[in-house]
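Report on the following structure.
Please treat every number below as a calculation from the coordinates, not as lab data. Everything numeric in this text was worked out from a predicted model, so none of it was measured. As a convention, Cβ positions derive from the backbone with ideal geometry for all residues, glycine included, and neighbour counts pool all protein chains shown.
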């Protein structure tokens with residue numbers, strides 16, 4: 001017999017997800033994931049740019065490896081098809097440097113490659 005999670009939405013229902021707005025909450029999450037450079041970078045990119053995870057997961061190393069604070073790149077949003085800007089501020093730059101220095105990665109690889117294979121983590125979830 002399986003136990004049903006009371007927090008899980010009913011199949012077919014719609015749920016809304018609110019952004020994390022409180023600075024204290026953001027700082028707590030960053031502190032929790034600081035030991036994992038990959039997850040920390042993913043969170044910092046999303047929280048500082050307001051981008052969906054699926055759009056961030058499509059980035060390749062070559063897209064961001066040479067960017068400095070104040071620079072940006074244009075990302076096409078998967079959901080809306082609109083162009084959005086990924087800004088590199090000091091926080092994002094620092095997280096990016098820590099992540100890229102941790103692993104010797106090929107610049108043609110996805111920044112957040114699936115752990116199972118080298119395709120985008122987003123593709124492996126779909």
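Give me the one-decimal nm value for the distance between modelled label points at residue 23 and residue 7, 7 Å along each residue's Cα-to-Cβ direction.
2.7
Once you've got the GNM for the chain with C-alpha springs shorter than 10 Å, pick whichever of 79, 58, 68 has the biggest mean-square fluctuation.
79
Just want the ordering: 63, 55, from fewest to most Cβ atoms lying within 10 Å of their own Cβ.
With the sparsest Cβ surroundings first, the list reads 63, 55.
When the gyration tensor of the chain is built from Cα positions, what are the square roots of 5 times its three eigenvalues, in whole Å, from largest to smallest?
Equivalent ellipsoid of the chain: 27, 18, 17 Å, largest first.
Calculated from DSSP H runs of 4 or more alone, at -39500 (n - 2.57) each and per residue, what is the 222 nm mean residue ellipticity of the chain, nearest 500?
The helix contribution divided over the chain gives -11000 deg cm²/dmol.
So, R0 is 22 Å and r is the distance between the beta-carbons of residue 108 and residue 67; what FRET efficiency does that work out to, to 0.05?
0.85
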